[in-house]
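Let me begin by presenting the structure, written as structure tokens, before commenting on it.
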Amino acid sequence: MFLLQHIHSNTSFCLRSSLFTRPLIRQIHASLYRRSEAVMSRQEKIPSNLSMIDFFDPALSTTPRPFILHHGVSGYAKRGKPINSTITTEQDESAYSSLQFGDDAYFKRHDALGVADGVGGWRTRDGANPALYSRKIMHYAQLEIGRVRDAIQPYGVDEQISPVDVMNKAYQLTTQDTVSEGIVGSTTACIVLLCQNELRVANIGDCGVSVIRRDNFIFRSEEQQHSFNFPYQLGTSSCDTPADAQQFSVKVEEGDIIILGSDGLFDNLYDEEILEEVHRCMGRPIIKYDEFGDIEDPSYDDNDPDTNTNTNTDGLAIDTLVPIDADPQSISDALAIRAKQVSEDMDNPTSPFQVRAMHEGLYYQGGKADDITVLVAVVSLAGQGPVNTLED
């Protein structure tokens with residue numbers, strides 16, 4: 001009897017509890033439903049504020065924008081030396097995709113540049129032809145770039161292409177030719193590849209490459225020398241190989257100016273003089289500094305847009321300007337002419353080569369007479385401005 005009462009009592013309690021809690025549970029469920037509905041409503045409203053075009057905005061893309069090189073080239077053979085010393089017939093000329101100035105050779109494409117400086121010291125040896133050696137290595141480098149590029153989708157991922165690999169392939173093919181043709185010679189070389197927004201550089205010896213952005217150098221390669229005036233080189237009797245080349249990677253932007261040259265440029269012009277010529281060609285104000293970094297011109301006024309190099313004639317900060325209108329041919333012409341003038345002036349007050357000679361305890365005055373090759377390229381968006389691939 002007690003057990004039945006106890007069960008009846010618990011059952012009654014459960015029924016009463018159920019009757020009491022059921023409305024409360026319904027209220028809780030209704031409240032949760034309204035909150036979920038409100039959250040879903042807010043989530044649905046967020047995309048409605050975005051236009052579909054926003055999803056295609058290039059600024060939102062993580063893929064690098066495809067760039068090309070808009071370029072120009074100028075150069076001079078050393079006085080008394082023919083410009084094309086390797087060519088005897090028109091057939092010989094058509095055999096090479098590279099071109100030359102004296103012992104220098106070069107190639108240029110919309111996605112790559114190269115320069116090589118044949119070592120003239122070989123000319124006293126029988127069978128020596130440093131001009132042909134440098135021209136062959138640039139010829140094969142250009143062919144190898146074309147072969148690799150053809151295997152990659154245009155403006156696709158270029159992880160597989162390396163300027164050192166290109167240099168190595170060109171070196172192997174040139175070595176085969178020198179053995180079969182009995183050619184003696186050696187050369188320095190610098191190869192530059194543009195891979196989307198990345199500049200890949202391989203440099204062996206004393207050619208050089210620099211990058212200018214918004215009126216200042218952001219990159220400058222250094223020469224490789226075993227000793228004074230004895231650069232690393234590829235060729236006959238040399239222990240150097242493409243594996244010894246310096247390797248660099250530089251992120252580039254639209255409007256960056258790339259200057260690639262043989263030592264005939266960098267032995268005769270200081271970086272400041274190169275920058276002066278770039279400014280002059282672009283119509284920018286030119287300012288000189290003394291040895292302490294102070295402005296030499298007393299008429300310079302930091303607040304005057306006519307004399308302040310940090311602003312242009314419209315009062316806009318030059319640092320914000322992108323020199324996409326720079327003419328690379330005009331710049332290369334100006335640099336080559338100025339380097340030639342210094343190289344032929346034994347009374348020139350100073351030159352980079354003179355400074356290095358004096359550091360070695362050698363007396364030297366003026367510029368260095370040499371072949372001069374200057375390639376200038378402006379980084380541009382694909383499809384904008386003139387584009388040259390293989391050059392004539």
Practice problem: Could you grab the pairs with beta carbons closer than 7 Å, sequence gap of 6+ or different chains, first residue in segment 85-108 and over 20 Å from G121 (Cα atoms), second one at pLDDT below 85 and among the aliphatic types (A, V, I, L, M)? | Solution: E93/I87; S97/L390
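Among the residues of segment 106-120, which ones are assigned to a strand (DSSP E or B) and closer than 18 Å to A245 by Cα?
First, pick out the residues of segment 106-120 that are assigned to a strand (DSSP E or B): 106-108, 112-118.
Matches in segment 106-120: Y106, A112, L113, G114, V115, A116, D117, G118.
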Exercise. Would you mind telling me which numbered condition in (1) open to solvent by less than 60 Å² (accessible area, probe 1.4 Å); (2) hydroxyl-bearing (S, T, Y); (3) modelled with pLDDT of 95 or more S249 fails?
Key: (1)
Quiz prompt | Residue satisfying condition, being under 21 Å from P66 (Cα atoms) and more than 21 Å from the chain's Cα centre (by Cα), within set A151, A128 | solution = A151
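Any chance segment 138-154 includes a residue that's within 27 Å of A336 (Cα to Cα), modelled with pLDDT of 90 or more and part of a strand (DSSP E or B)?
no
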Self-check item: Options G255, G264; residue that is surrounded by 15 or more Cβ atoms within 10 Å (Cβ to Cβ) and assigned to a loop (DSSP other than H, G, I, E, B)
Solution: G255
Practice problem: Could you tell me whether D314 is modelled with pLDDT under 95 and in a loop (DSSP other than H, G, I, E, B)? | Solution: yes
Practice problem: Among residues belonging to segment 330-369 that are of a type in the set (S, T, Y) and in a helix (DSSP H, G or I), point out the one that is most open to solvent (accessible area, probe 1.4 Å). | Solution: S330
Practice problem: Keeping to segment 224-246, report how many residues are closer than 17 Å to P163 by Cβ and modelled with pLDDT under 95. | Solution: 0
Practice problem: Report, by residue number, each residue of segment 178-196 that is modelled with pLDDT under 95 and in contact with a Lys or Arg (Cβ under 7 Å, 6 or more places away or on another chain). | Solution: V184
Practice problem: Among the candidates Q233, Q225, Q172, Q196, single out the residue that is open to solvent by 30 Å² or more (accessible area, probe 1.4 Å) and within 21 Å of G127 (Cβ to Cβ). | Solution: Q172
Exercise. Taking the residues in segment 89-105 that are farther than 19 Å from S180 by Cα and in a loop (DSSP other than H, G, I, E, B) as candidates, determine which candidate is modelled with the lowest pLDDT.
Key: T89
Quiz item: Within segment 272-286, which residues are surrounded by 15 or more Cβ atoms within 10 Å (Cβ to Cβ), charged (D, E, K, R) and outside any loop (DSSP other than H, G, I, E, B)?
Solution: E273, E276, E277, R280
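The values are calculated or read from the model by the stated rules, or taken from the named source; none is laboratory data. What you see is a predicted model; the values in this text were computed from it and never measured. When we count neighbours, we look across all protein chains shown, and the Cβ atoms used for this are built from the backbone with ideal geometry, even at glycine. Side chains are part of the model used for accessible areas, which takes the heavy atoms of the whole protein and leaves out ligands, DNA and RNA. Shrake-Rupley method; radii C 1.70, N 1.55, O 1.52, S 1.80 Å.
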